[in-house]
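Let me begin by presenting the structure, written as structure tokens, before commenting on it.
The values are calculated or read from the model by the stated rules, or taken from the named source; none is laboratory data. Not measured: the values here are computed from a predicted model. We place every Cβ from the backbone using ideal geometry, glycine too, and count neighbours over all the protein chains shown.
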């Protein structure tokens, strides 16, 4: 018989991994534009550097694993990982740190666990955690000060030099808003702290726009059915609960608005926590998973040594995902009660 | 999830679901056309779920259209009718429409193309019929669910129908491309409503829902019009948005009622009967027109399908017959799909027939349906989960199926998957998910079946075991009763009569006694001695084992069990030996009265032997006692914990020593009295009758013992002064005895004319024995050298002993031969015979000569070895060599003589030599093969084999050389 033998269904939709990853990358563009506008060329340079490195490492490791190379690159998963890391790290991070992070994410977290779909952790966040632990100085002192009327931005060429030659750019770098607030809140009131020019006129100069761009991208992804609402809503919900419980008084702890509109909250809620591979899988599971991340972000930010804790929150919940999956199986058609746990 | 749409059309929204391109317009524009009458119709016996139908026709039989050809086999089964008139041409295995393209039993009809109907009896009003009659008609018509699975329809209509409140008519036709039901509804809506009314009468439901998607407005209109005409007032057409897979039975039940069919259950459990629209029409046709289910409407569609549309085909029409009827474009067709694009399967064999539930033939062109791309890995994006109408987690199921983790798959409710394919449809990684689920389901079914099988086997085995146990118990009970009976009757009989067993024992004893008396009179005594030795050995073993057990209690507790078992065995042996010994002793005393002088002499000798062995034992015991005492003393100083143990063993030893002494005393006195008796006998001058040979033997033995005793005495003088006295006595006794015997012997010799000859024979025999023994022991020594170096000294000692014996024997022979009488007698008697013998026995001489030569050579080799390693053996070996040389030379002379005397000798010799050469060759071959084996398996044996090969090689060479020489 000359006919092909294919099992049902014989029609398939026009979805593909490439399309999904491409949409994620697309959804990151507004935020990248905002970041560049407020914090300079560092983010664009980092993005290009990270993407090139990611593709390079992907090719090498695919070659070593004797897998089809084009097939692996085509799915854009490496590009997505690189973009996420590039947007998460400080803009003037030395180039080698970015390369190390990408290497760790692609080779160790993704391919050594079996490649796409098999990584237990989010590669970008694992890399971020690695960099934060290994190079705390570079990871905390290379944040750019946002553009204001008084503060100009580093030129493209100077940014390149800063990244590749680590030239002295002290007048352009500073601590993040979360950092400043956290370290001053013990002594100062909210009004006093926000006198600092980096807070700008509304919440945190520049950061609020970036966060809103992330939110925009996230809504786009939900609309495109790349992600479901469960994870981001529960992440933000978890954070909201914690900050309402503990940060109701902005004079004694980081304010609620800062929690939501500064740092990587929106990036994490819509782009990192929704990474399907390492997250919980059922709708109910995603809710638990998201709430866990939201609560942990607050815990790490408030009682941890670092000003932000998104990476650690995500990684910790990655550990819990398989467990959550077992206890959040949905009720199937015809069942009185869902099968939960490890026994029927 | 459940959202009641409160508009005109009520429905509950289906969770999940997808919207594949509908592609219905290609085939729903033309009215239903008649299908072809093909050249043959193939009717599988199993078109439905349940037992295959039973054939009721024969090959060659003429059948009419609508005639029953196969009857249902059981309740869940269906009738099959002839779709047209014709002849049964075959009943055989044919490929059928099945994903596995398997063969199944089919009835083949060759149509006569007259299409002649059988007798039918259409009715005008079904209300005249009872429910049972209606169901009977449905069953007779062989109607099965025509939407998919093919469940026999009559099964859905139970006689008791109280609990059915909703009848759902599935007019959804949610699969893309298929329009058979759409056309059927548009054209035959009245019939359908009539069919619904029939079902209403049977089930009397409160409400009837016709569920239909909103993409079939013409059908909806037609149905609504028909419903208006209907007398029934509770039929409502429910239209809901198009979404795949709304047409799944369970899904439709939910959409229309909001109820869910319980897991693993049937709709009837929630008061619902669900019926496909096509089935409803078939019911109408069967009840009203008395038409059996012999045709159905099937969609032919797809870009390569030719004249697309819906055809009313005869059941059993082969796929290719229909396709050629519609003039399909075979070349551009990519595949032929039976059913729709979502759940249909690829046809493997186009000669397979379309059956009762075949609703569509989809013949797409190459680019019409996406070809299957290589699947990406699952990224757990969860899109499948969002579209699953059953609420499953397809990504997890995929993971479990892929890893053969069927337990987890079961936990994740794999069984609830309806294989609709929605997950595969949306999968960005394009994984053929449904295929994974089918695989896992199949595996689970297989496992469950195996498990059930095992359970059944276990139950069977247990039942059998129980049965056997009962039988065994019964048997045991019977046996017990029988035994009791026997015991009772025996008791009754036992009133003075001697039991049988006693009689038998007595008879046996008698026989034994007779045997003993008849057998050689010497035997019992010798037996006695050897038996006693055995007994002693056994006893020693028991003692040593006991000791070892004691030792191991301290040092190696893990050995105790094994030792105790061994001890049990030894005790048994000892007891047996004791019994045999006692019996033999008794027998010995019995025969003692018939002693004649020569046996007395021998008995004396044996007594001496006994005495000697007893003495030795006594000495040993004494020795042990001494040692034990010493050990005890040591222990008292060093290891107090062992003292107790040693004390007991000391007591044992002393007891033993005393026993042995007592035994010795008893025996010595006995021996003395015996000696006296024998002296008397000698004095009676009856010596003439004494057998010279026996006397010679006895004398030799005595002499040997004397010598041994002397050696022992010497040893004792050095080591154990306390034994010297006893031994000295021994020596003198032996000396005396041997002298005595010597005297007897001399006398006997003097009296017997053939005595010398006999004496000589004995001596010769001895010599031979000694030679043999010597050779044996030398061989063993060689072996020991190769394998057990620790035994070498012992063997060497024995060799020396044997050599001396050999020397002595030789000396005796020479002495006898040198005596003048011997020479004479030899001349007188032996020579003529010998000559004759020689003349006759070249064949015998040749091997003898060869042997002698061989021995000589061996001896030479051994001598050489000894020169290197053991200088003390050289002398003996040199003598050996010369002896062998002499012997071989003698034989050579004899052989030559024989050769010169025998005219055929040369030939004979040649034959022998050839045989020798062949033998050598064979041996060499065998050895070579062994060497090969060894190389493969036992590398450590290689050197030994190589040596053997070398020797055999030389032998072969020699044999060949000899052969050449002779030639």
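If I filter region B:151-158 for residues that are more than 14 Å from every other protein chain (Cβ to nearest Cβ), within 30 Å of residue B:21 (Cα to Cα) and either part of a strand (DSSP E or B) or at pLDDT below 90 (or both), do I get at least one hit?
Yes, region B:151-158 contains a residue that is more than 14 Å from every other protein chain (Cβ to nearest Cβ), within 30 Å of residue B:21 (Cα to Cα) and either part of a strand (DSSP E or B) or at pLDDT below 90 (or both).
Which residue pairs have Cβ atoms closer than 6 Å, lie 6 or more positions apart in sequence or on different chains, and pair a first residue in region B:860-875 that is touching a residue at least 60 places away in the same chain (Cβ under 8 Å) and on the phi < 0 side of the Ramachandran plot with a second residue that is surrounded by 13 or more Cβ atoms within 10 Å (Cβ to Cβ) and part of a helix (DSSP H, G or I)?
B:862/B:877; B:873/B:866
So, of the residues in region A:1-22 that are crowded, with 20+ Cβ neighbours inside 10 Å and in contact (Cβ under 8 Å) with a residue 40 or more places away in the chain, which turns out to be farthest from the other protein chains (Cβ to nearest Cβ)?
Once the filter is applied, the top-ranked residue is A:21.
Among the residues of region B:220-227, is any over 19 Å from residue B:418 (Cα atoms), in a loop (DSSP other than H, G, I, E, B) and either within 14 Å of chain A (Cβ to nearest Cβ) or in contact with a helix residue (DSSP H, G or I) (Cβ under 9 Å, 6 or more places away or on another chain) (or both)?
So far as region B:220-227 goes, no, none of its residues is over 19 Å from residue B:418 (Cα atoms), in a loop (DSSP other than H, G, I, E, B) and either within 14 Å of chain A (Cβ to nearest Cβ) or in contact with a helix residue (DSSP H, G or I) (Cβ under 9 Å, 6 or more places away or on another chain) (or both).
Residue A:300: part of a helix (DSSP H, G or I) and surrounded by fewer than 20 Cβ atoms within 10 Å (Cβ to Cβ), yes or no?
yes
Against the definition (surrounded by fewer than 24 Cβ atoms within 10 Å (Cβ to Cβ), within 14 Å of chain B (Cβ to nearest Cβ), part of a helix (DSSP H, G or I) and out of contact with any strand residue (DSSP E or B) (no Cβ under 7 Å at 6 or more places or on another chain)), how does residue A:97 come out, yes or no?
Criteria not met by residue A:97.
Which of the residues that make up region B:58-77 are part of a loop (DSSP other than H, G, I, E, B) and within 22 Å of residue B:136 (Cβ to Cβ)?
B:64, B:66, B:67, B:72, B:73, B:74, B:75, B:76, B:77
Return yes when residue A:304 is within 16 Å of residue A:185 (Cβ to Cβ) and in contact with a helix residue (DSSP H, G or I) (Cβ under 8 Å, 6 or more places away or on another chain) and no when it is not.
Yes.
Only residues that are more than 23 Å from residue A:11 (Cβ to Cβ), in contact with a helix residue (DSSP H, G or I) (Cβ under 7 Å, 6 or more places away or on another chain) and either within 14 Å of chain A (Cβ to nearest Cβ) or in a loop (DSSP other than H, G, I, E, B) (or both): list them for region B:306-351, please.
B:351, the sole residue that qualifies.
For region A:23-50, give me each residue that is in a helix (DSSP H, G or I), touching a residue at least 24 places away in the same chain (Cβ under 8 Å) and within 19 Å of residue A:152 (Cα to Cα).
A:32, A:33, A:34, A:35, A:37, A:38, A:39, A:42, A:43, A:45
Checking residue A:167 against (1) outside the structural domain of residue A:21 (by TED's automatic domain parsing); (2) at pLDDT below 90; (3) farther than 30 Å from residue A:26 by Cβ, which test does it fail?
(1)
So how many residues does region B:393-434 have that are within 46 Å of the chain's Cα centre (by Cα) and either assigned to a helix (DSSP H, G or I) or within 8 Å of chain A (Cβ to nearest Cβ) (or both)?
Final tally of qualifying residues: 25.
Can you tell me which residue in region B:84-136 is modelled with the highest pLDDT, limited to those that are part of a loop (DSSP other than H, G, I, E, B), under 25 Å from residue B:148 (Cβ atoms) and touching a strand residue (DSSP E or B) at 6+ places or on another chain (Cβ under 7 Å)?
Per the criteria, the residue is B:96.
Please specify each residue of region A:139-162 satisfying the condition of being within 23 Å of residue A:196 (Cα to Cα) and part of a helix (DSSP H, G or I).
Residues satisfying the conditions are A:139, A:140, A:141.
Go through (1) within 14 Å of chain B (Cβ to nearest Cβ); (2) assigned to a helix (DSSP H, G or I) for residue A:295 and report which single condition fails.
Only one criterion in (1) within 14 Å of chain B (Cβ to nearest Cβ); (2) assigned to a helix (DSSP H, G or I) is unmet by residue A:295, namely (1).
Residues to consider are A:57, A:104, A:108; find the one that is surrounded by 17 or more Cβ atoms within 10 Å (Cβ to Cβ), modelled with pLDDT of 90 or more and out of contact with any helix residue (DSSP H, G or I) (no Cβ under 6 Å at 6 or more places or on another chain).
Result: A:108 is the single residue among A:57, A:104, A:108 that is surrounded by 17 or more Cβ atoms within 10 Å (Cβ to Cβ), modelled with pLDDT of 90 or more and out of contact with any helix residue (DSSP H, G or I) (no Cβ under 6 Å at 6 or more places or on another chain).
Restricting to region B:352-368, name every residue that is surrounded by 18 or more Cβ atoms within 10 Å (Cβ to Cβ) and more than 8 Å from chain A (Cβ to nearest Cβ).
Matches in region B:352-368: B:352, B:353, B:354, B:355, B:356, B:357, B:358, B:359, B:360, B:361, B:363, B:368.
Please work out which one of (1) surrounded by fewer than 22 Cβ atoms within 10 Å (Cβ to Cβ); (2) at pLDDT 90 or above; (3) in contact with a strand residue (DSSP E or B) (Cβ under 7 Å, 6 or more places away or on another chain) is the condition residue B:221 fails and give its number.
(3)
Anything in region A:221-246 that is over 19 Å from residue A:275 (Cβ atoms) and surrounded by fewer than 21 Cβ atoms within 10 Å (Cβ to Cβ)? List them, or say none.
A:240, A:241, A:244, A:245, A:246
All but one of (1) within 14 Å of chain B (Cβ to nearest Cβ); (2) touching a helix residue (DSSP H, G or I) at 6+ places or on another chain (Cβ under 8 Å) hold for residue A:277; state the number of the condition that does not hold.
(2)
Here's a check for you: in region B:369-382, which residue that is within 19 Å of residue A:281 (Cβ to Cβ) and facing chain A (nearest Cβ under 7 Å) is surrounded by the fewest Cβ atoms within 10 Å (Cβ to Cβ)?
B:377
Return yes when residue B:38 is touching a helix residue (DSSP H, G or I) at 6+ places or on another chain (Cβ under 6 Å), surrounded by 22 or more Cβ atoms within 10 Å (Cβ to Cβ) and under 14 Å from residue B:316 (Cβ atoms) and no when it is not.
Yes: the conditions hold for residue B:38.
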